[in-house]
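FYI, it's all coordinate maths here, none of it is from the lab. The structure displayed is predicted, hence computed values, not measured ones. Neighbour counts run over all protein chains shown; Cβ positions are idealised from the backbone, glycine included.
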Amino acid sequence: MTRARLLKEINSIEDAKKVEETVKTGYTETAIENLEYWAAAEEDLAESYGQMAEDSKNQANRDVYIRLQEDSKRNMVEISGLVEYLKGLDDARRKRIELLKGLRS
């Protein structure tokens with residue numbers, strides 16, 4: 001099964017620049033921003049679970065809080081890796097836009 005095109009055919013430098021800019025601002029930059037918020041939420045969760053573990057008088061609960069804290073810390077590391085990868089894609093997109101800007105119609 002073939003996928004329908006998302007974009008009309010690109011036939012000019014101006015069309016290509018518009019699409020490249022849209023991909024940069026609408027996809028890569030947005031994805032990076034959302035991942036950064038997600039990482040911040042995981043950081044807040046890790047801090048909260050750590051505090052809950054310290055405050056808990058129940059060992060079983062404390063163990064769960066510590067596990068959740070560790071999971072959130074791992075998530076932060078993984079998300080940070082995704083952010084760095086996407087920043088590389090965003091930089092490549094920026095370079096593509098610059099190449100197109102150097103072309104003449």
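Scan the range 55-105 residue by residue and report those that are polar (S, T, N, Q), surrounded by 15 or more Cβ atoms within 10 Å (Cβ to Cβ) and assigned to a helix (DSSP H, G or I).
Within the range 55-105, GLN69, SER72, ASN75 meet the criteria.
Test TYR49 against the criterion of being surrounded by 15 or more Cβ atoms within 10 Å (Cβ to Cβ), of a type in the set (Ser, Thr, Tyr) and either without any contact (Cβ under 8 Å) to a residue 12 or more places away in the chain or part of a helix (DSSP H, G or I) (or both), and give yes or no.
Taking the combined requirement at face value, the residue satisfies it.
Looking at the range 13-23, can you tell me whether even one residue there is more than 21 Å from GLU70 (Cβ to Cβ), polar (S, T, N, Q) and assigned to a helix (DSSP H, G or I)?
yes
For the range 11-21, does any single residue satisfy the condition of being more than 30 Å from MET76 (Cβ to Cβ) and loosely packed, with under 11 Cβ neighbours inside 10 Å?
Within the range 11-21, one or more residues are more than 30 Å from MET76 (Cβ to Cβ) and loosely packed, with under 11 Cβ neighbours inside 10 Å.
Could you list, in sequence order, the residues of the range 53-91 that are free of Cβ contacts under 8 Å to residues at least 24 places away in the same chain, under 11 Å from LEU35 (Cα atoms) and not acidic (Asp, Glu)?
Across the range 53-91, the qualifying residue is only GLY81.
Of the numbered conditions (1) exposed (fewer than 15 other Cβ atoms within 10 Å of the Cβ); (2) over 20 Å from LYS101 (Cα atoms), TRP38 fails exactly one; give the number of that condition.
Unmet for TRP38, out of (1) exposed (fewer than 15 other Cβ atoms within 10 Å of the Cβ); (2) over 20 Å from LYS101 (Cα atoms): (1).
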